Every structure is written in structure tokens, then in C-alpha cells.
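S.K.: Would you mind keeping the following structure in view while I ask a few things?
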Amino acid sequence: QVQLVESGGGLVQAGGSLRLSCAASGTIFRLNMRGWYRQAPGKQRELVATITSGGNTNYADSVKGRFTISKDNAPNTVYLQMNSLKSEDTAVYYCNAANPVNGRDYWGQGTQVIVSS
């Protein structure tokens with residue numbers, strides 16, 4: 001069974017940095033690690049950053065210039081470097097991936113990020 005596991009969240013002061021990681025387990029096949037979403041209390045889940053298999057990236061306007069999404073040579077992993085964090089970045093951050101063959105969507109359990117002002 002495919003599972004996405006996020007890590008790296010925590011409590012940080014405004015202006016600080018965190019690096020989130022997401023790794024998939026339970027499959028020998030390469031997934032399409034699409035990107036990161038977040039959900040703040042009382043709000044809908046929103047896109048933070050995405051990355052294509054070719055490495056093209058897309059960011060929410062609210063995080064442009066502060067967050068960087070990346071992959072490395074390890075299969076089925078994706079990262080989110082978050083700098084200059086603001087209180088409004090406080091949310092649960094979720095990793096998203098898909099099976100490139102059948103399009104099945106996968107989500108992690110989320111990692112909490114709290115930015116104190």
C-alpha cells in the first residue's frame with residue numbers, strides 16, 4: 001500500500017526557515033511527486049507549490065520568492081524549503097503524488113507548521 005510521509009514541520013518564529021520532506025513507501029514504481037498543499041484552520045486546502053516530472057515549478061503568489069520546491073535523485077521524494085516564514089504560513093502541509101499509469105491520487109497525513117509572530 002502506497003503511503004506518503006511528510007516530515008520537517010514544527011514551531012518556528014516569523015522570519016525563520018523550515019524544510020519539509022515527503023517520501024513515498026510501499027511501491028517499487030516511480031510516482032509522480034506533484035507537490036505541496038496546505039490547510040489553515042477554518043480554511044480550504046490550497047496549493048502551495050507544484051513540480052512537474054521535467055522540473056518545472058509553480059508557486060502560489062503568497063509564497064513566491066520565499067518557498068522552493070525540489071526533488072533529488074532519490075525516487076519518490078519531494079521537498080519544500082520555506083524561508084522568511086510568516087504567521088499566515090501556519091497550516092498543515094500535505095504532500096501530493098499520483099500514479100502516472102492509472103492517475104490514482106495519493107496524499108500524506110500532513111505535517112504541522114506553526115509560525116509564531
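S.K.: Placing unit charges on C-beta atoms (Lys and Arg positive, Asp and Glu negative, everything else neutral), compute the dipole magnitude of the chain about its Cα centre in debye, rounded to 20.
M.R.: Dipole about the Cα centre, nearest 20: 100 debye.
S.K.: Comparing Lys64, Lys86, Lys43, which has the greatest mean-square fluctuation in the GNM of the chain with Cα pairs linked when under 10 Å apart?
M.R.: Of Lys64, Lys86, Lys43, the most mobile in the Gaussian network model is Lys43.
S.K.: Treating the chain as a set of equal point scatterers at the Cα positions, no solvent, please give the Debye-formula log₁₀ I(q)/I(0) at q = 0.13, 0.19, 0.22, 0.24 Å⁻¹.
M.R.: -0.46, -0.95, -1.24, -1.44
S.K.: Using a 1.4 Å probe over the heavy atoms of the protein chains, calculate the carbon and sulfur portion of the accessible area of the chain as a whole percent.
M.R.: The C+S portion of the solvent-accessible surface of the chain is 46 percent.
S.K.: Taking only Cα atoms and a 10 Å spring cutoff, compute GNM fluctuations for the chain and point out the largest among Ala49, Ala97, Ala74.
M.R.: Fluctuation is largest for Ala74.
S.K.: A further question follows. Using a Gaussian network model of the chain whose springs link C-alpha atoms within less than 10 Å, name the residue from Asn99, Asn32, Asn56 with the highest mean-square fluctuation.
M.R.: Evaluated over the chain, the most mobile residue of the options is Asn56.
S.K.: Roughly how many nanometres apart are two label points built 7 Å out from the Cα toward the Cβ at Arg30 and Lys43?
M.R.: Placing both labels 7 Å beyond Cα along the Cβ direction yields 3.4 nm.
S.K.: Same structure again: For the pair Ser53 and Asp72, how long in nm is the line joining their label points, each one 7 Å along Cα→Cβ?
M.R.: Label-label distance for Ser53 and Asp72, simple model: 2.3 nm.
S.K.: Let's test the formula: R0 of 30 Å, r as the Cβ-Cβ distance of Ser62 and Asn102. What FRET efficiency results, to the nearest 0.05?
M.R.: 0.40
The values are calculated or read from the model by the stated rules, or taken from the named source; none is laboratory data. The structure presented is a predicted model; accordingly, all values stated were derived computationally and were not measured. Using ideal geometry, Cβ is built from the backbone for each residue, glycine included, and neighbour counts are taken over all protein chains shown. Quick note on the areas: whole protein, heavy atoms, side chains included, nothing else; ligands and nucleic acids left out. Shrake-Rupley method; radii C 1.70, N 1.55, O 1.52, S 1.80 Å.
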